[in-house]
Amino acid sequence: MLTGVRIVVLGGDARQLEVIHRCVELDASVSIVGFDTLEHFPEGAVKETLSEQLLSSADVLILPVVGCDDSGNIQAKYASDETTLTLTAKLAAELPEHCTIFTGMAKPYLKEICKQNKVRLIELLDRDDVAIHNSIPTAEGAIMLAIQKTDFTIHNSVAFVLGLGRTGFTMAKTLQGLGADVRVAVRREEDIARASVMGLKPFLTRDLEKHAGQADLIFNTIPSMIITAQILSKMKSKSFIIDLASAPGGTDFRYAEKRGIQALLAPGLPGIVAPKTAGVIIANSIVKLLLGEQNDRGNKQ
């Protein structure tokens, strides 16, 4: 149980609602900020306004998946039009040193604030228990976009997956299950064998230009410029690119448009296509970590 733990949830979307419900179920004291327009207020949570006093009492601060921008502004889907949530340096200075901040991924601003105030920061999307489970709604959302935006079937199409990390692996296996001719771009020679054993057709990312003309679909997971103008110039005009990397993605979208190639930047698909599932994944990880810390403290006493 999380009895006695004071949790502040600052902004977010439907995913944070699952986190709130789970923490309340475990008897935590949950204060929420930026949820003014909700039709059904989470039972057991207390609506608050952002203040120094509120943050000074927090054992845990939970931020949205993208914690805040480089000015400290926090996305809050359910905030009223008059409400702007900003985690200023002054507010952050009120956080107790024992406080832990949870977010999906942190920009430099948030990392620096945590460093200055000696506050622990946990980026959940860096954890396998979140990223691997999250890759499933990501792959499903990408498939949904491919079906909606193209006039050909995934079955028998030539589908490239760039990057064979946690998202790339799930994306490749999902496409394979739908009957696509799946080809994966990997950075290291040793990944060639791993991809081959999976029944995929691997090639090195440095050779993408040689293969690009064969692609009907490209799903990019590499967060750096890889689908350059030079690559795009080799592609078929009816090809479709879904860039799953975090903004700004790994595609030259300007040149893709110039060539008439459809290219979509689509980060954050879990929160769009399956917010409940994505929220449960985040909630389970946070609760697991908090309960683990409680057990560790109990064992030391």
Would you mind calculating the relative contact order of the range 127-177 from Cα pairs under 8 angstrom and at least 6 residues apart, reporting the percent as a whole number?
49 percent
Modelling each spin label as a point 7 Å along the Cα-to-Cβ direction, I'd like the Leu178/Glu52 distance in nm, to one decimal.
5.3 nm
So which of Lys173/Lys201; Lys238/Lys258; Lys107/Lys288; Lys173/Lys236; Lys47/Lys111 end up more than 18 Å apart by C-alpha?
Lys107/Lys288; Lys173/Lys236; Lys47/Lys111
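Given a Förster distance of 51 angstrom, what is the FRET efficiency for Thr83 paired with Lys258, based on the Cβ-Cβ distance and rounded to 0.05?
Result of the calculation: an efficiency of 0.80.
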Estimated [θ] at 222 nm from DSSP helical runs (n ≥ 4, -39500 (n - 2.57)) normalised by residues in the chain, nearest 500:
-11500 deg cm²/dmol
Over the chain, what percent of the accessible surface lies on carbon and sulfur atoms, probe 1.4 Å?
50 percent
Can you give the Kirkwood hydrodynamic radius of the range 46-130 from its Cα pairs, in Å with one decimal?
13.2 Å
Sparse-neighbour loop sites [trypsin sites (Lys or Arg not before Pro); the range 217-301; at most 15 other C-beta within 10 Å; DSSP]:
Lys234, Lys236, Lys238
Write down the accessible area per residue of the chain in Å², having rolled a 1.4 Å probe over the full set of protein chains.
48 Å²
Euclidean distance between Cα centres, the range 174-226 to the range 1-20, Å
39 Å
Can you sort Asp151, Asp252, Asp126, Asp27 by solvent-accessible area, 1.4 Å probe, largest first?
Asp151, Asp126, Asp27, Asp252
Using the Kyte-Doolittle scale, which helices in the chain average at least 0.0 and also have C-alpha atoms spread 30 Å or more along the helix axis, with helices defined as whole DSSP H runs?
128-149
Hypothetical label at Met1: residues of the range 255-299 whose amide nitrogen lies under 18 Å (7 Å Cα-Cβ projection):
287-288, 290-299
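The values are calculated or read from the model by the stated rules, or taken from the named source; none is laboratory data. Since the model is a prediction, treat every value here as computed from it, not as a measurement. Here the Cβ is made from the backbone with ideal geometry for all residues, glycine too, and neighbour counts use every protein chain on show. Note: areas computed on protein heavy atoms with side chains; ligands, DNA, RNA excluded. Shrake-Rupley method; radii C 1.70, N 1.55, O 1.52, S 1.80 Å.
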